[in-house]
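The values are calculated or read from the model by the stated rules, or taken from the named source; none is laboratory data. As the structure is a computational prediction, the values presented were derived from the model and not from experiment. When we count neighbours, we look across all protein chains shown, and the Cβ atoms used for this are built from the backbone with ideal geometry, even at glycine.
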Amino acid sequence: MAATLSVWEFDTSAGADEAHVKVDRLHAEEVFTVSDGAIVSWEPGTRKPRTAQFPSADPEGALGGSFWGFLFGVMFFVPLIGMTLGAATGIIAGALTDVGIDDNFIRRIRRDLRPGTSALFVLTSSTEVDRLTQAFRGANARLLQADLSDKQEAAIRTAFAD
């Protein structure tokens, strides 16, 4: 079954942590299944965001820390290095595009996440996104999603196998 990487952006640095508590509870109640996820929160006045992988992620479906580290590195830390990487940045972005995470997706998250905001990254089956949308109703969350084919999801799992 195809997967969806949904990103829920919040206007507060605590929004993603609060949403994660709700996701964790609903996952435990078997309302929906979360394969993996991570939180990015950026406290006001800090130079860079804090990132954390879900501790409760499904071990069978989890992408692993190397995937999240790579994704967040491309989104937040490579731009800080500047143009010294040049072509390497294009190669990295191309690798993500090949697995269904395009440059526009990365650029939008990079643009929207700034000090005082947060985002919740959730990997679920494509059919679960509507349930998440219902769960976050009234939470003032903006949704951005990347739909991954079975082939793209398999490529991510192969590339980032721990």
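Is it the case, given these coordinates, that S13 is farther than 30 Å from K151 by Cα, modelled with pLDDT of 85 or more and surrounded by 14 or more Cβ atoms within 10 Å (Cβ to Cβ)? Break it down stepwise before answering.
Numbers: farther than 30 Å from K151 by Cα: yes; modelled with pLDDT of 85 or more: yes; surrounded by 14 or more Cβ atoms within 10 Å (Cβ to Cβ): yes.
When the stated conditions are applied, S13 passes them.
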I need a count of the residues in the range 56-69 that are at pLDDT 65 or above and within 20 Å of F10 (Cβ to Cβ). 1
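Taking helices (runs of 4 or more DSSP H) that fall entirely within the range 101-162, which contain at least 1 residues that are buried (at least 20 other Cβ atoms within 10 Å of the Cβ) and free of Cβ contacts under 8 Å to residues at least 60 places away in the same chain?
Numbers: elements: 103-112, 129-135, 150-159.
Ranges flagged: 103-112.
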Looking only at the range 28-54, and only at residues there that are under 18 Å from the mean Cα position of the chain (by Cα) and among the polar types (S, T, N, Q), the one that is surrounded by the most Cβ atoms within 10 Å (Cβ to Cβ): S41
